[in-house]
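Read the figures in this text as sums done on the coordinates, not as results from a lab. It should be emphasised that the depicted structure is a prediction, and the values quoted were computed from it without experimental measurement. As a convention, Cβ positions derive from the backbone with ideal geometry for all residues, glycine included, and neighbour counts pool all protein chains shown.
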Amino acid sequence: MSKPELIKFGTRWELDGDYLRCRICRRPQIVSRVMEDFQHASGCAGSGAESNPWKTLASPITAQIAKATTPDTDNSRDLGA
Ligand SMILES: [Zn+2]
């Protein structure tokens, strides 16, 4: 997931302290319930989005950390070697 995808995530979800909140129905889910499916209000138009927004949020962050802490094996290409 790239930065634009995080921006798109932010159009659907709002981080509110230790809660993620659906921007449509305003229902929250606390981070300690990260392994449970998100429960939207009845009829929420956002219910077709990801069932676990915490995982969607965490994925690009952990990917960026891994990328930043893993030696770049493609350096030789950048140096023209
Ligand atoms: Zn909702």
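Put in order of Cβ neighbour count within 10 Å, fewest first, the listed residues THR56, THR11 become THR11, THR56. Projecting the Cα atoms of PHE9, SER32, LEU57 onto the charge dipole of region 3-69, computed from C-beta unit charges around the Cα centre, puts PHE9 farthest toward the positive end. Using only the Cα atoms of region 3-69, build the gyration tensor, take square roots of its eigenvalues as a ≥ b ≥ c, and label the shape rounded, prolate or oblate: rounded if a/c is under 1.5, else prolate if a/b is larger than b/c, else oblate. Judged from the Cα gyration tensor, region 3-69 comes out prolate (a/c at least 1.5, a/b above b/c). Here r is the Cβ-Cβ distance between SER42 and ARG21 and R0 is 25 Å; the resulting FRET efficiency, rounded to 0.05, is 0.90.
From least to most packed, judged by other beta carbons within 10 angstrom and beginning with the fewest, ILE30, ILE7, ILE24 follow the order ILE7, ILE30, ILE24. Once both labels are positioned 7 Å from their Cα atoms along Cα-to-Cβ, the gap between MET35 and THR62 label points is 1.3 nm.
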